[in-house]
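**Student:** Handing you this structure, nothing more for now.
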Amino acid sequence: MNKLMISVMTALLLAISGMAVAQDGGQGPGNKGQRSHRGMQAQPRTMMEGVMREIKRLDLSEEQKEGIWATVHELKGELHPVMVEMRNGQRELRELIISGSFDEKAVAALAEKTGDLTAQRILLTTGAVANVLGQLTEEQRVQLDAMAAERKQRTKGKRGRKGKRGGNAGSPPTEG
């Protein structure tokens, strides 16, 4: 029974995370694809979104831009049916859960299908990211690596500040 519950929880988590990928990130020419909430820039929801955010900061040739956008649009077309299946699976799982009678075999089958769809989504996305990165020059790759290192450092700094609060909520962090 424990293995079944893990499968059910995994299926739910995968289905929910899959829905996040299915949402259109607003990517495309003329649209920076950035979402904000109360003045704060949202984090990318997908690997491709994160790569595209930083690639937009590079000085790309027109040929590179066209090739990269073609890859992004192709990825969206390939991902759409996968994401539709994932949403349908989530809907079926929700119906199974609220039906009143637990069908272990049906839930296990949905969990396996969700796992297969997730693997397919990962393969499509990583292939597209590799294609996009392959269209960059060596200099652009170095710039992209530097941007990633800077982002990692900023993120690390933010995480470090959160945990340095002292016992008094109003007091500044202590150096030690």
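**Student:** So, in nm, how far is label Arg91 from label Val142 when the simple model puts each one 7 Å beyond its Cα toward the Cβ?
**Tutor:** 5.2 nm
**Student:** Please give the contour-minus-distance gain from Leu123 to Glu104: 0.36 nm per residue of separation, less the Cα-Cα distance, rounded to one decimal in nm.
**Tutor:** Numbers: separation 19, 0.36 × 19 = 6.84 nm, distance 2.87 nm.
Stretched fully, the Leu123-Glu104 segment lengthens by 4.0 nm.
**Student:** Give me the number: length gained by fully extending Lys158 to Glu74, i.e. 0.36 nm times residue separation minus the C-alpha to C-alpha distance, one decimal in nm. Before the final figure, lay out each step's value.
**Tutor:** On the way: separation 84, 0.36 × 84 = 30.24 nm, distance 3.56 nm.
My answer for the length gained is 26.7 nm.
**Student:** While we're here: With the other protein chains left in place, how much accessible area per residue, in square angstrom, belongs to the range 53-131 at a 1.4 angstrom probe? Intermediate values should be presented prior to the final figure.
**Tutor:** Numbers: 4680 Å² over 79 residues.
Spelled out: the 1.4 Å probe surface of the range 53-131, per residue, equals 59 Å².
**Student:** Once you keep just the Cα pairs under 8 angstrom separated by 6 or more residues, what percentage relative contact order results for the range 63-164? Present the calculation step by step, with values, prior to reporting the outcome.
**Tutor:** Values: 31 pairs, mean separation 40.7, N = 102.
40 percent.
The values are calculated or read from the model by the stated rules, or taken from the named source; none is laboratory data. Note that the structure is a prediction, hence the values are computed from the model and not measured. No Cβ is skipped: glycine too gets one built from the backbone with ideal geometry, and neighbour counts run over all protein chains shown. We work out accessible area using only protein heavy atoms, side chains counted, and drop any ligands, DNA or RNA first. Shrake-Rupley method; radii C 1.70, N 1.55, O 1.52, S 1.80 Å.
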